[in-house]
Each structure stands twice: as structure tokens, then as C-alpha cells.
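The structure appears below as C-alpha cells.
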Amino acid sequence: TVAGFAPRRWLDLVRKTQESAEDAKERASGLVGAFRDFASAEAAADDMNHFRLYLQSIPGHGELNDRKFYMQTNALGGFLPLTGTWRGSPRKKILLETPLGELVGLDPFDDELPAKHGLILGTTGSGKSFTTNYVLSNFLAESDKNHVVVIDVGGSYRKLAQSFDGAYLEVRLSDEFGFNPFPPAAQIMEKGRFDDDTVAYLTLLISRMCLDAGRTVTVEQRGLLERAIKNAYAKGEVLLQSVREELALLAQEHPAAKPFADSLELWTAGMYGRLFNRPGNFDISKRLVVFDLQGLEDHPELQSVYFFVIRSIIWDKLLDRGLKKIIAIDEGWKFFNDEVGAALIENLYRTARKFNGAVFSISQSPADFLETRAAKAIIANSYVKIILKLTKCHELLPQFDLNPNEIEAARQLQSKPGVFSDVFLKFGAHSLVARIEPSPLDYWICTTNAQDWLAEERLRSANPGISQAELLLKLAEGR
């Protein structure tokens, strides 16, 4: 039997099918001919390809279906996605999680980025400090050739320094440390020629020391400052007093140099001389160096000058092109809110890029940040933008190169202290929403929460002599 039929019955069925097909063709032919008698019309018989469709259903005969179906592109897009989620940098250094549960890896020094600079924005409580610590800790863990310098005014990076055996300096007006803003001649001269960016930076730094806020140097004054610096280097290693003496000599023929020589007295023989008019004695060989300027809050003019002196202090790191460097500036916008400060920060961005470095600016207020004169230069050179939850100022985000869809995505960001923080990331030409949901160990390395600090101190007291690594592991095990 075949398909449950006796052979004779099956043959009868095939014969009837053939007779039915021939009968249908004969009747169709008569109908087509009748159309010619109706106003010279023409008709065509079409089985709608049903027979071929039937045959193509047999396994291995799909090519027999030659019918084509046309569809507009915008409708086709609904069935066939033409774009997909960005997969991140080729080299995965920092991991984030997308809303779809996919992992995206970032490399702050991705070759795709024209410059490696970035900025981080987030309201207090959004996880801004945690996110910055998370980015920096992953960067440090990736290679011993990765170095970080942090300039802070609030103590948010003390634990990071402890965890990575870094140097943490709470800057105060004292004799504890000396900071010479003038690097050795060998570092700023090559084959007898000065590095123009370094000389320009030192010129601006001296003008910052000498001028009241809001004032700028004239072209003549800038030329005199540059001459004084180069003349001082021609006589050997340089201290601030050396430049003051050269300015005093120039003042004999150029009176415009005298106000600068007089103003530098405060920074050489006066109360600030013990900080800046002696050889530096701070070891910056550590991979992580944190400068906390909060102790200078009663001396805003000193705080501002010190901010830019740090660039000279870390010159050794900048000069070593074999190192990758991130300079993180947390709430530093108030230090470059005039023309001199703006010029200094622009110079820092330019020289850092030249020496395989990146500058990250961190702020909790987009409004405060945008009020600085250096804001446009910083944003234009920042190809990595990390936006956390903001309670206001979303209307300012177009000035950070976010389009309406990206701004709406930033409005929807959420955070849950101690659990996760959502971030909107713009990485070169790519943008996405991601979530930072750290492992227990990452959490205890990066947290800046006051209650977490108390828990850490209690565990430290209960375990005298415990190392920082052991302490973090115990805290992670209990989380």
C-alpha cells in the first residue's frame, strides 16, 4: 500500500487528478478565447505559481519558488534591523553593562578617538565619584605602565590611593613639602631648544601669581616673562627667585617688568616662598598620585596657583611617552575661570595629548562648568563624555554635543546608592546607555559613602595590623 491506499485505488486517484487538470486547462483556454471577442481584450491564464509552490515545499527544492515580493525600505527595516548595539572598543579595558544585559568594553586610549580627553558630569548622589574611581581603578589594574594623577578638593580618592599603593598629598600652607614649578633644564630643552608649550605654560603660571583676577598680560609683558625664564635657565637650574632676579634686571631697561618682579616677592621671600621657592621634595614616582587641595580653601589664590604648579610637578610623567597617563581634575572648573586660567588649562590639554596623556574633568554642575572660559576648549577636546543622573540642567546638554534623543536618554538615567548607577556614554561617534553594577571587591575599592567608611574603620579596628588588600577582601566577602 502507498499512504494507506491499495495500489489500484491509488492509480485511480492519480488518473482522476490528471483528468481534472486537463479539463481545467480546456475550460481556461475557452475562457481566454472568449475575452478576444470582448472589445479586442486579452486574457492570460495564471495558476499563481501554485504548482511550483507545491513542488518547492518538497525538501531540497526551494529554488523552484521564483516569485518575488517587493517591499519599501522603511517597512523592511521593521523586519530586518539595519543597525545594532555598539560592541565597544577592540581592546576591552573597562566593562559596562547595557540594558539588554550585554557587556561593552571601553579603552580610554582607543585608537579611534582623535584625543583621549573626557569629562564626567553627575549630580551629588548620582555616583559621580564612584564612577570616576571605577574608571581609574580599572585603568590602573590593566597595566603597570598606566599612571594616574588626581587633582581633588574633597578627599574622594584617598581609598583609591591606599588600594593601589599610591601617594596621597593633602596640600597645606606648611614647610612639609617644597614644590619647585620649574622643571630641570634637560626636561624642557632638546638639542638646545626650549619646548614652546612648556615655556608658554611657565609664562602663564608666573602671570597667574602676579596678576589680580580678571587681568591679563600684554604682549610686551609676556615677552619679558619669557625672556626672564630663558635667561634664568641659561645660568643653571631655576628657582622662582632666579626668575624674579632676571625680571629685576630687565626692569632697568623695560619698566613693564618691574611690577612682576615686585609681585613675586610674596612667592619667594613672603609667606608662600616656603612652598614654591625651594627644590621639590615630593616623590611622584608612584603610579597613582593624588593632590588634595581642600586644605588651601582659606587661600583661594594659593589654591589656584598650586593647581597649575602640579603640571610642572608631574612633568616627568608627562615626558615619558612609554606611559599612559590620565590626569583627573575633580571640580577644578573654578581654577580656570579667567583668561589666564583658561589659557593654562588649554595648554595642559594640548601637552598631555602630545605626551600620550588624557585629561578628565569631573563636575557635578553642568551650569558651573559651562560658566568657565575654558569650557568650550575642554568640551571640544573631550571625545569621551560620561553623563550620570542629573536633577536639573538637562537643557544645557546640547552644549556638550548631545542631540535631542541622547538628552532624552540622559533624562531617564537612574541610580541606587550601593547597588548601581546608570550612565549615558558618548564615546567618539558612538553613544549608549549603560549601567555600572560593580562586583563586591570593585564596590569596596571605589565607594566614597560615609557609612561605608565607618564600616571599614570598624573592621580595621577589630583586626589590628590588617593590610589594605586583606581588609577589602573581608569587606567584599561580607557584602
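Bridge orientation summary for the chain: considering DSSP beta bridges with both residues in this region, about 40 percent are antiparallel.
The apolar share of the surface of segment 353-437, taken as the fraction of accessible area on carbon and sulfur atoms (1.4 Å probe, ligands and nucleic acids excluded), comes to 47 percent. Rolling a 1.4 angstrom probe over the protein heavy atoms with all chains in place gives the chain an accessible area of 52 Å² per residue.
In this structure, ASP262 and SER174 have a Cβ-Cβ separation that, at R0 = 25 Å, corresponds to a calculated FRET efficiency of about 0.45. Extension gain, GLN162-GLU102: 0.36 nm per intervening residue step, less the Cα-Cα distance, totals 18.4 nm.
The label point for GLN412 and the one for ARG274, both projected 7 Å from the Cα toward the Cβ, are 5.8 nm apart.
Dividing the mean sequence gap of close Cα pairs (under 8 Å, 6+ apart) by how many residues the chain holds gives a relative contact order of 21 percent.
With each label modelled as a point 7 angstrom along the Cα→C-beta vector, the ARG222-GLU22 pair spans 10.3 nm. Heavy-atom accessible area for LYS354, with the other protein chains in place and a 1.4 Å probe, reaches approximately 80 Å².
Taking the 1.4 Å solvent-accessible surface of segment 71-187 as the whole, the part contributed by carbon and sulfur is 54%. Helix content alone sets the calculated 222 nm mean residue ellipticity of the chain: runs of n ≥ 4 DSSP H residues at -39500 (n - 2.57) each, divided across all residues, give -13000 deg cm²/dmol. Among the listed pairs LYS159/LYS392; LYS334/LYS385; LYS128/LYS426; LYS145/LYS416; LYS325/LYS474; LYS93/LYS474, a Cα-Cα separation exceeding 24 Å is found for LYS159/LYS392; LYS145/LYS416; LYS325/LYS474; LYS93/LYS474.
The values are calculated or read from the model by the stated rules, or taken from the named source; none is laboratory data. This one's a predicted model, so the numbers in the text were calculated from it and none came from an experiment. Here the Cβ is made from the backbone with ideal geometry for all residues, glycine too, and neighbour counts use every protein chain on show. Note: accessible area is taken over every heavy atom of the protein model, side chains too, but ligands, DNA and RNA are not part of it. Shrake-Rupley method; radii C 1.70, N 1.55, O 1.52, S 1.80 Å.
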